[in-house]
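Peer 1: Right, I'll just put the structure down here and ask away after.
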Amino acid sequence: MAGEEPGGRMPQDRTTRPRAQARRRGADPQGDGPSPAGHGAYRVVKVLNNNAVLVRDAAGRTLVLEGRGLGFRARKAAYVAADDPAIEATYAAGAPGVPVPPWLPGLVAQLVERAEAALGEPVDPHIVPALLDHLAFAVQRVRRGLPLENPFLAEIEVLFPEELALARQVLAEVVAAGGPPLPPDEAGFVALHLRAARARVPVKEPARSTALVHDLVEWVRRRLGVALRPGGLDHARLVAHLRYLVDAVARGGGTPNPLLPRIAEEFPEAMALARELGEEIARRLGKPVQPDDLGYVALHLAKLMLDGGAAGPPSPEPLPAGRPDGRSAPGSGTTGDRAAVRSGGDPAVATGPREAAGRRRPPRDAPAPGPVPGAP
């Protein structure tokens, strides 16, 4: 993202050292062994939690140390001995040629602390080195006058509002700390990192699902010739429906839909469109889509058809040319993100009477096309 893509939960450098190995060397298993002065030490920057500490080494590199109780003991210390037997894993930040500003580690550590308080749940400390690399790269690009564009920001605003609010606060803190103003699009990328840390998954997972939802929304916009204004209710509902569908497919389950036969009978064209969307999701994720879930999406598509005043069959439009690995096709006019989306052609918009043939309004006992039952 922002021209680079962090490698998920495990940043560039990772070393492990079991405590048993330290004990065989004769170190103190309680962590009160040799003094830092004699064997080198890490300077404590921030305690992330009871088992993780943000530190700097003698060369100035920013590291995250992990080990049972390591953070708890570091709360009362300025240094952690380099040979402390409690250190079980080390994660280093800093991509080659991309310096980490000295004020950035503390800022990211405070973000983790604030996120845990705001979200009410632990945040994976692996976010620190990954986000340090990402923000350092973004700062470097802005200082060089290179663009940072996020084609998925409208979807991120709907899908991850809590994470986005925290991310926007970080952008303000970057400026307050002496960094350059980062564009609003950058907050979307930070929000994806926060979402990944919250779910304890690699950042590529929320990025991939968000890109897929974005592609499908754009396809619906072109196919039906409807105005899905970002921030509008129709856009938010469609994003929520598609996100639920993508998540349901990823989980391998769905929500029973007792009205599916009636939906297919009343709205055959909307159901056919939903099936096309389902085929693309199945192709991108490599998992089947349940027909019951498609029925809920078909109801929302039927409402868009009616409200948009489309008549006749929906205009033919190929589905987004996504790749089997879940990324969008490159070359869509975005320069700041490697997962760019396909641009597609001009929408063929058909106009006609509001009540088009074969498009009756949803039955009164059908569920309203708002939030899908069971959607997160």
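Peer 1: Taking the Cα centroid of the stretch 219-237 and of the stretch 105-130, what is the distance between the two, rounded to the nearest whole Å?
Peer 2: 34
Peer 1: Got a sec to turn the phi values of the stretch 139-149 into Karplus ³J(HN,Hα) couplings, 6.51 cos²θ - 1.76 cosθ + 1.60 with θ = phi - 60°, whole Hz, x for Gly and Pro?
Peer 2: 4, 4, 5, 5, 5, 8, x, 8, x, 10, 10
Peer 1: Find the accessible area per residue for the stretch 124-210; the probe is 1.4 Å, ligands and nucleic acids are left out, and the unit is Å².
Peer 2: Per residue, the stretch 124-210 has an accessible area of 34 Å².
Peer 1: List the residues, sorted by chain then number, that are 5 or more residues from Leu48 or on another chain and whose placed amide H is less than 5 Å from its amide H.
Peer 2: Under 5 Å from the amide H of Leu48: Val53, Leu54.
Peer 1: What spacing in nm lies between the two simple spin-label points modelled at Leu233 and Lys76, each 7 Å away from Cα in the Cβ direction?
Peer 2: Modelled inter-label distance: 5.9 nm.
Peer 1: Mind listing the long-range amide H neighbours of Ala86? Cut-off is under 5 Å, sequence gap 5 or more, other chains count too, H placed in the peptide plane at 1.01 Å from N.
Peer 2: When sequence neighbours closer than 5 places are left aside, there are no close amide H contacts.
Peer 1: Sticking with this one: Provide the per-residue ³J(HN,Hα) series for the stretch 254-267, in order, calculated from phi with Karplus coefficients 6.51, -1.76, 1.60 and θ = phi - 60°, each as a whole number of Hz, with x at glycine and proline positions.
Peer 2: With the stated coefficients, the stretch 254-267 comes to x, 10, x, 10, x, 8, 4, x, 5, 4, 5, 6, 6, 10 Hz.
Peer 1: Which value in nm describes the separation of the simple spin-label points at Arg251 and Leu119, placed 7 Å from the Cα toward the beta carbon?
Peer 2: 1.8
The values are calculated or read from the model by the stated rules, or taken from the named source; none is laboratory data. These numbers were taken from a predicted model, which means no experiment stands behind them. As a convention, Cβ positions derive from the backbone with ideal geometry for all residues, glycine included, and neighbour counts pool all protein chains shown. Accessible surface is based on the protein model in full, side chains and every heavy atom, while ligands, DNA and RNA are left aside. Shrake-Rupley method; radii C 1.70, N 1.55, O 1.52, S 1.80 Å.
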